[in-house]
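No lab work stands behind these numbers, since they all come straight from the coordinates. The model shown is predicted, which means the values in this text are computed figures rather than measured ones. Counting neighbours? That spans all protein chains shown, and the Cβs are built from the backbone with ideal geometry, glycine included.
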Amino acid sequence: MTATLVAEDVRRSYGETVALDGVSLSVDAGEVFALVGPNGAGKTTLVRALTGTTDAEGSVELFGAGPREVDRERVGLLPQAFDPPARLTARELLDYYAGLYDEAREVEAVLSDVGLADDADTWYENLSGGQQRRTCVGSALVNDPDLLFLDEPTTGIDPAGRRALWDLLESLADGGTTIVLTTHDMAEAHRLADRVGLLADGRLVAADDPDALVAEYGGESRLVVETDADPAALDLDYPAERAGDSLVVSDVPPEAIGDVVDALAAAGASYDALTWSEPDLEDVYLELADADGHYAGGRRERAAVADGGGDGTGASEADADGAAAEGER
Ligand code: ADP
């Protein structure tokens, strides 16, 4: 596979604030890479560094060229804060952006792709928030880019519009477009991305296939049973503990749920409801980032990186650096 994007040891500080603390990343041609992480983790700064819209230390290459030297016809960017002229219609805006390129797609086709064909003649300021965001996504697509950066493309878009946009991004990816996106929506990251990178404190603390991340950091499946049964009184083969009005049994395979039900019956315990769930990307996120948005890779006393670089004592500098470098290999 050829890497479309290669970034090495990218650093950026604003005064005393370290926004990017040495990020290395490589994205292959046709790959969809989703960046997730708490507010202030450095996602927007990273997108800006990768696209040459802010200065940064380290090296970035897109198609083998620096972000400011790369052929602009090949790259599309939806910045997080994008504020086009309010009194142009969606069609006029896309026409304008299409005019910036030597070769651009048909504006009508782009309008239809982003679901704006029926509202193309409405001034931008009169479009709903979701329609405005879709107009902005359209502006990043007019040049039919081979590499597309989208900073929170679906923020503010309603569920139906979000799904339509996912379909569009999936069809672009199927057609070979390389996509780097940021999102706070873990379902979006899981569905769209070949690899998800978690950024915290300006470092990439994990980057992998979403299923692999869930397997490594997501923890066990949980069977939550609404009951007042005492776990000590139950004959269970699985770890169980009380949480509020529920009994939480960990790591029960779905086919063994009946055994738990039998154990409750044998102990004469009644229950109202029973929910089994597998860990997901949100559990990964909560495992690796704490409530204040900082790296928390040692919380379960587990090494944060596959090479065993974590010593299980917490998020030391060395752990996070190891993860930043290691996550990319
Ligand atoms: P994210 O996109 O993950 O929310 P950002 O990249 O926006 O994170 O911000 C990372 C850090 O850099 C934050 O502490 C933020 O306050 C700071 N920062 C970002 N842009 C600027 C700027 N233009 N001037 C000063 N500080 C900034």
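Distances between placed amide hydrogens fall under 5 Å for ALA206 paired with LEU198, all partners being 5 or more residues away or on another chain. In units of the rule-of-thumb radius 2.2 N^0.38 Å, the chain shows an alpha carbon radius of gyration of 1.16. Estimated from the Cβ-Cβ distance and a Förster radius of 22 angstrom, the FRET efficiency linking ALA266 and GLU220 is about 0.40. In a simple Cβ point-charge model (Lys, Arg +1; Asp, Glu -1; nothing else charged), the chain has a dipole of about 1020 debye relative to its Cα centre. The length gained on full extension between ALA86 and GLU57, counted as 0.36 nm times the residue separation minus their Cα-Cα distance, comes to 6.9 nm. Applying 1/(1 + (r/R0)^6) with r as the Cβ-Cβ distance of GLU170 and GLU16 and R0 = 51 angstrom yields a FRET efficiency of 0.80.
Measure out, as a whole number of angstrom, how far apart the alpha-carbon centroids of the range 136-186 and the range 204-255 sit. What the calculation gives is 34 Å, centre to centre.
Of LEU286, GLY66, GLY99, which is farthest on the positive side of the dipole of the chain, counting Cα position, with +1 on Lys and Arg Cβ, -1 on Asp and Glu Cβ, and the Cα centre as origin? The one lying farthest along the dipole's positive direction is GLY99. Close amide H partners of THR155, meaning residues 5 or more places away or on another chain with modelled amide H under 5 Å apart, do not exist here.
Take the Cβ-Cβ distance between GLU125 and ARG72 as r, set R0 to 35 Å, and report the resulting FRET efficiency rounded to the nearest 0.05. Here the calculated transfer efficiency is 0.80.
Note on ASP95 and ASP259: their simple-model spin labels are 6.9 nm apart, each label 7 Å out from Cα toward Cβ.
The label point for THR155 and the one for ALA291, both projected 7 Å from the Cα toward the Cβ, are 2.4 nm apart.
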